[in-house]
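Notes follow the structure.
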Ligand SMILES: C[S@@+](CC[C@H](N)C(=O)[O-])C[C@H]1O[C@@H](n2cnc3c(N)ncnc32)[C@H](O)[C@@H]1O
């Protein structure tokens with residue numbers, strides 16, 4: 001497999017696209033996107049707070065301890081140790097979201113960097129919530145921008161590279177992103193195919209699209225009311241309310257949708273504007289691709305599907 005980072009041409013393309021993105025964000029931004037006050041918009045080079053540890057360093061020190069960087073050949077995902085660290089972090093998510101999402105962001109950035117360094121690249125994080133992933137990409141030297149439609153998700157102090165915008169209609173020109181990144185958003189949109197098409201549109205030919213989602217039949221498919229969703233969404237929500245005294249954040253058909261692995265794979269494979277680079281369980285330590293290839297089993301055993309697509313030339 002060839003790396004999407006194709007050297008000087010790719011860098012030039014990223015640089016050349018950036019001003020177009022900025023103009024577009026400003027032009028289209030007025031009606032439906034708010035850029036956080038006084039800060040950069042996509043295409044502008046963000047304040048250089050990047051730097052920090054590189055993928056190799058993260059690999060040495062933390063969750064990516066077993067991550068083998070195989071640039072140009074995809075990535076052999078990693079060790080049991082990595083999966084256990086992620087699993088432990090998920091269990092602590094409510095008590096310690098900071099540690100959980102910092103770890104997850106490093107892990108996801110490692111997965112992206114298995115295809116080439118993000119330093120100097122334009123990375124667009126769609127539905128990025130409170131920005132842990134965007135921040136991690138910036139720390140690695142990327143020009144990374146967060147697009148998030150719900151201001152309540154942004155947290156108290158969104159970074160300057162934040163744009164309030166819907167993933168269905170990104171205020172970006174075609175092909176501006178070297179990497180279009182979307183973690184755990186697909187199951188929250190009513191029309192995943194239109195959402196995916198928008199991610200593809202803003203990615204340059206040869207660029208990567210990283211999409212992960214928790215499929216409905218995953219043990220975690222019902223989110224905070226899992227695994228009781230297997231008995232039906234309404235029953236599971238009612239149970240959650242009884243147990244916690246609170247309404248669940250997610251409601252099926254409103255902000256959570258039943259997305260399946262088989263149909264999603266068929267739809268992306270039928271497209272002629274992307275190539276499927278990998279389709280695998282995002283968190284599994286072994287057999288991650290094999291599980292995702294097995295109809296039936298994959299719906300229950302994958303937990304979370306990671307799709308890496310490469311934008312085909314027009
Ligand atoms: C489960 S959170 C994921 C946040 C973050 N990406 C992560 O992996 O931790 C789902 C996010 O998707 C966002 N979202 C929902 N609908 C969206 C849309 N149409 N376009 C972009 N983002 C959307 C939500 O506002 C929320 O921030």
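The values are calculated or read from the model by the stated rules, or taken from the named source; none is laboratory data. Owing to the predicted nature of the structure, the values given are computational and were not obtained by experimental measurement. Positions of Cβ are generated from backbone atoms using ideal geometry, with glycine treated the same way; all protein chains shown enter the neighbour counts.
Taking the condition of being assigned to a loop (DSSP other than H, G, I, E, B) and either within 10 Å of the ligand (Cβ to nearest atom) or at negative phi (or both), how many residues in the stretch 133-166 meet it?
Restricting attention to the stretch 133-166, the residues satisfying the condition of being assigned to a loop (DSSP other than H, G, I, E, B) are 140-142, 148-150, 154-161, 165-166.
Those left that are additionally either within 10 Å of the ligand (Cβ to nearest atom) or at negative phi (or both): 140, 142, 148-150, 154, 156-161, 165-166.
Summing the residues that are assigned to a loop (DSSP other than H, G, I, E, B) and either within 10 Å of the ligand (Cβ to nearest atom) or at negative phi (or both) in the stretch 133-166 gives 14.
Checking residue 244 against (1) buried (at least 18 other Cβ atoms within 10 Å of the Cβ); (2) more than 17 Å from residue 214 (Cβ to Cβ), which test does it fail?
(1)
Please work out which one of (1) within 11 Å of the ligand (Cβ to nearest atom); (2) under 16 Å from the mean Cα position of the chain (by Cα) is the condition residue 178 fails and give its number.
Here residue 178 clears every test but (1).
For the stretch 216-294, which helices (runs of 4 or more DSSP H) that fit wholly inside it have 2 or more residues that are farther than 16 Å from residue 186 by Cα?
233-244, 288-293
Considering only residues that are surrounded by 22 or more Cβ atoms within 10 Å (Cβ to Cβ) and in contact with a helix residue (DSSP H, G or I) (Cβ under 8 Å, 6 or more places away or on another chain), look in the stretch 196-206 and name the one that is nearest to residue 270 (Cα to Cα).
Across the stretch 196-206, the extreme among qualifying residues is 196.
Could you say whether any residue in the stretch 115-122 is over 20 Å from residue 277 (Cα atoms), touching a strand residue (DSSP E or B) at 6+ places or on another chain (Cβ under 8 Å), within 13 Å of the ligand (Cβ to nearest atom) and assigned to a loop (DSSP other than H, G, I, E, B)? Can you show your working first?
Keep residues of the stretch 115-122 that are over 20 Å from residue 277 (Cα atoms), which gives 119-120.
From the residues that got through so far, the ones that are touching a strand residue (DSSP E or B) at 6+ places or on another chain (Cβ under 8 Å) too are 120.
Narrowing further to those that are within 13 Å of the ligand (Cβ to nearest atom): none.
Scanning the stretch 115-122, I find no residue that is over 20 Å from residue 277 (Cα atoms), touching a strand residue (DSSP E or B) at 6+ places or on another chain (Cβ under 8 Å), within 13 Å of the ligand (Cβ to nearest atom) and assigned to a loop (DSSP other than H, G, I, E, B), so the answer is no.
Tally the residues that are under 13 Å from residue 140 (Cα atoms) and surrounded by 22 or more Cβ atoms within 10 Å (Cβ to Cβ), restricting the search to the stretch 115-124.
Within the stretch 115-124, residues that are under 13 Å from residue 140 (Cα atoms) and surrounded by 22 or more Cβ atoms within 10 Å (Cβ to Cβ) number 4.
For the stretch 156-195, which positions are under 13 Å from residue 133 (Cβ atoms), surrounded by fewer than 23 Cβ atoms within 10 Å (Cβ to Cβ) and modelled with pLDDT under 95?
159
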